[in-house]
Each structure stands twice: as structure tokens, then as C-alpha cells.
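Here's the structure we're looking at; comments come further down.
What follows draws every value from the coordinates through simple rules; no lab data is involved. Being a predicted model, the structure only gives us computed values, none of them experimental. Counting neighbours? That spans all protein chains shown, and the Cβs are built from the backbone with ideal geometry, glycine included.
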Amino acid sequence: MIGSVVRSGLWCCAMLSVALCADFDAGRRAYEKGEFATAVHEWRPLAEKGHAGAQFGLGVLYASGQGVAQDFGEALKWYLRAAKQGDVRAQCNAGLMYDQGQGVPQNHAEALKWFRLAAQQGDQMAQFNLALMYEKGQGGPQNFAEAARWYRKASLQGNAAAQSNLGALYEQGQGVTLNYAEALRLYRLAAKQGDAVAQCSLGLMYANGRGVPKDEKQAIEWYRLAAEQGYPDAQYNLGVLYDRGQSVPQDYAAALRWYTLAAGQGHSEGQSNLGVMYDKGKGIPKDYAAAWKWYHAAAEQGNAAAQFNLARMLVLAHGVERNFPEAVKWYRMAAEQGNADAQYNLGVIFHNGEGRGISQDYKEAAKWYLMAAEQGNLDAQFNLGVLYMSGQGVPFNPVQAYMWFELASAEGDADAIENRDKLAEKLPPARLQEAKALVKAWKPRKKP
């Protein structure tokens with residue numbers, strides 16, 4: 001979603017005395033020429049006398065540090081004086097300062113108050129910011145219906161960001177009835193104005209066939225428009241398509257370019273995939289140092305795939321010293337987010353003990369195997385069957401062992417089949433039927 005936008009346009013108030021208006025205009029002309037110190041000189045006396053336009057102007061200059069030393073506290077002081085007189089621009093900017101904690105401790109409730117006052121006067125940016133706060137639940141309870149109401153008001157005034165965000169609410173059915181056609185209409189309105197988020201969203205609608213026939217060529221066109229504006233999600237999406245050769249000829253150089261642009265803006269998935277490019281040498285020479293750098297950047301943001309790959313590099317000593325305790329740390333972070341491969345690898349590390357700073361712990365191994373096995377990881381299912389068959393880390397249970405071996409044999413694993421068949425010969429008929437019933441009833445658990 002688009003964030004709040006600061007407004008700093010200067011408008012003359014209509015209801016002023018002729019003398020005051022003339023002095024204000026002198027300040028405005030100086031401002032427009034870039035003579036900010038002169039603008040301060042002209043506006044300060046008017047502001048002290050209660051001229052809302054001059055007060056707002058001083059607020060802008062103090063906020064930007066033009067003609068005066070930058071001072072957010074002083075900026076807020078003048079914005080509030082103008083805002084209390086009903087100046088809509090000052091109300092909106094005061095809201096932004098409370099929202100961002102500039103010149104005052106962050107206070108979303110106070111920001112909401114000022115945005116609402118400005119929005120009620122019809123200010124489209126205030127309407128957008130008010131909607132965004134309702135959508136995020138900042139300053140009060142999350143309220144998608146109110147968010148949609150204020151986005152709609154701003155959208156009707158042509159606010160592209162509001163059109164894009166309202167489109168997203170219709171696409172997701174949040175605060176409004178799910179309606180892909182309306183989402184597409186709003187995205188197109190915003191996209192025609194050059195809104196990169198809307199362009200990327202249109203790309204996703206075409207890529208997923210939501211409200212339109214699936215058309216990845218159209219998706220690519222919209223992604224490219226957004227990507228060329230610097231929108232990181234679109235850059236990442238293009239990178240994925242070129243990486244996979246999906247609807248475009250496979251081109252690792254193009255993938256690398258788009259991933260690099262997205263990663264440079266802090267896009268965690270772009271960073272993670274860029275790490276893979278360097279790690280595997282896709283289109284470039286292998287570079288473990290570069291891979292580590294990008295995996296680490298993404299992992300620090302909580303990207304589970306990058307956390308898994310960092311851990312793998314530590315286990316394999318790829319460009320770094322082998323370190324099992326550190327690997328366990330990163331595997332655990334990924335595993336706790338539901339990464340089944342990380343869960344399985346943790347199980348293996350605790351199962352084997354390795355003797356490298358990690359003690360053998362069958363109970364811990366069983367815990368992680370179970371998490372991975374429940375998501376359908378065949379290797380974890382096999383190893384969990386081994387633990388149930390031997391009673392290591394879990395109570396001895398041949399029925400459970402049979403179930404996991406049978407599930408693990410889904411792709412023809414010979415060892416799983418052999419272990420399953422050996423158990424079938426030993427289990428009493430009633431217990432074997434119990435085991436088969438468990439297999440039939442089993443369903444993979446969705447990743448959290």
C-alpha cells in the first residue's frame with residue numbers, strides 16, 4: 001500500500017484584508033523564487049497576528065529547513081495555529097507530523113483527529129491518509145469499511161493512490177463485497193495516472209486470472225511499467241519471470257538486473273533470490289560472499305527462505321566457517337515460520353548430534369520431523385517412522401511408524417516401502433487396519 005504523502009503547496013486564503021493579503025503575496029512570491037529567508041521575513045509578522053496562510057507557510061519552511069534552520073517542533077507549532085483556524089493544509093500536515101512523530105512523540109490518535117478534520121473539508125490527501133489509518137488500525141480500531149469510505153471520497157477526486165488502495169480492498173473483499181471487476185476498474189484509473197502500485201496490481205490480476213482471462217504477457221507489460229518507475233514488487237516479479245523463463249525467454253542476466261534493483265530497495269524476496277543467483281552461479285560466477293551478503297540482508301528482515309539458505313551455507317561451509325550452533329539458530333527462525341525443509345534439517349541435526357556443539361536429542365528431532373512431516377515432507381515422514389519404530393524421542397508405536405512409512409513411500413521410496421512391509425507382516429490384523437485408517441484419514445497441514 002502507498003504511504004502518507006506530505007503536502008507543502010502554498011495557497012492564499014481568500015478572506016483577508018487587502019494589506020495583509022498584499023504582504024502575504026510578497027512572501028509567496030519570494031517563496032516561489034526560492035528566496036526563503038525573505039518569505040520568512042514577510043510571513044512571520046503576519047503569522048504572529050494570526051494569519052493562517054502565513055502560519056502554514058512558516059510551518060512548511062521550518063519543516064523543510066528553507067530560510068530557517070530545520071525545526072520540526074517549530075513547524076508543528078505553526079501548523080497547529082493555522083489548523084485550529086480551520087486551515088485544511090495545516091490540519092493535514094499536523095496529522096502527518098503526529099503520524100510520523102516529527103517534532104512531537106508519535107501519536108496516531110492525534111493524527112487521526114487532524115486528518116479527519118481536513119478530510120471532512122474535502123481534502124483528498126487527508127481523506128487518503130485517514131483511510132490508510134483506518135485500514136492499518138492506527139489511532140483506533142481497524143475498520144476496513146471506513147477505510148473504503150474515505151478512499152472512495154478521495155478516489156472520486158482523482159487521487160490515484162486512493163483508487164489503487166480501494167481497488168485492493170475490492171480485490172480482497174475487505175470492507176466491501178469482493179468484486180474483481182471493480183478492483184480492475186480502479187486499478188486502471190490509477191495506472192493511467194502512472195501509479196506504480198496499481199500497475200503492479202494489474203499485472204498480478206492478469207497473472208492470476210482474477211476478473212480477466214489469465215494473460216502473462218499483459219502481466220509483464222504492467223510489471224514493466226511499474227518496475228521502470230522503481231517499484232520493487234514489480235522489479236522482483238519481473239526477476240522471477242526471467243529467472244524461471246516463464247512467459248519470457250529465460251534470461252539470468254535480466255533476472256539478476258531486476259532482483260538487484262529490488263534488493264537495493266530492501267525488498268527481502270529480491271534479496272533472497274539475488275542470494276540464490278550468486279550461490280548457484282546462475283548467469284554469473286559463483287560468489288559465496290555475495291550470496292551470504294544478500295541472504296543475510298533478507299534473513300534479518302525475517303525472510304524464511306534466506307534464513308534457511310544462511311543455515312545451509314553454515315552447515316556446508318560455503319564461503320564461511322562451518323558452524324552448527326549458528327546454523328541451528330537460522331534454521332530455527334525459518335522453521336518457526338513453517339519452512340518444512342528447515343524443520344526437517346533441524347530434525348536431522350538433533351537426530352545425529354554431529355558432535356559439533358549440538359547434543360544428540362531424539363525428542364527435539366522428533367518435534368521438528370513431525371512439523372515437517374505434517375506438511376508432507378517425505379524425508380521427515382520416513383525419519384519420523386524410524387523414531388516411532390525404535391522408540392527414540394517418542395514412545396514405541398508401530399502403528400504410527402507404519403502410517404509414516406506408508407506416507408513416505410508415496411513417490412516409491414524403496415526404504416520406506418521395505419519398512420512398511422516389514423511392519424505389515426508383524427502387526428496384528430486389527431492394528432494394521434488401524435494404521436491403514438490413519439493413512440487414509442491423513443491430510444497435510446497447511447503452512448502457518
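Computed over the chain, relative contact order equals 5 percent, with contacts defined as Cα pairs under 8 Å that lie 6+ residues apart. Against the set (1) 58, 24, 23; (2) 78, 21, 13; (3) 71, 25, 19, the structure's computed semi-axes √(5λ) of the Cα gyration tensor in Å falls on (1). Summarising the label geometry, the points placed 7 Å from Cα in the beta-carbon direction at Arg29 and Leu178 lie 6.1 nm from one another.
When only alpha carbons are used to place a centre, the stretch 240-261 and the stretch 372-400 end up 40 Å from one another.
Each of Lys153, Lys217, Lys113, Lys136 was scored by other Cβ atoms within 10 Å of its Cβ. Listed from fewest to most, they are Lys217, Lys136, Lys113, Lys153. Residues Leu378, Leu132, arranged from fewest to most other Cβ atoms within 10 angstrom of their Cβ, appear as Leu378, Leu132. Seen against the Cα atoms of the chain and their longest principal axis, helix 88-100 is set at about 30 degrees.
Computed from backbone phi with θ = phi - 60° and the Karplus coefficients 6.51, -1.76 and 1.60, the 3J(HN,Hα) list for the stretch 288-299 is 5, 5, 5, 4, 4, 4, 6, 4, 5, 4, 6, 4 Hz; x is used for glycine and proline.
Which of these, Ala306, Ala342, Ala414, has the largest mean-square fluctuation under a Gaussian network model of the chain (Cα springs below 10 Å)? Highest fluctuation among the options: Ala414.
Quick one: angle between helix 324-335 and the longest Cα principal axis of the chain, in degrees between 0 and 90, rounded to 10, please. It is inclined by approximately 70 degrees.
Arranged from fewest to most other beta-carbon atoms within 10 Å of their beta carbon, Val212, Val386 become Val212, Val386.
Helix 304-316 and the long axis of the chain differ in direction by around 50°, with both axes built from C-alpha atoms.
Calculated from DSSP H runs of 4 or more alone, at -39500 (n - 2.57) each and per residue, what is the 222 nm mean residue ellipticity of the chain, nearest 500?
Numbers: 24 runs with 310 residues, N = 448.
It lands at -22000 deg cm²/dmol.
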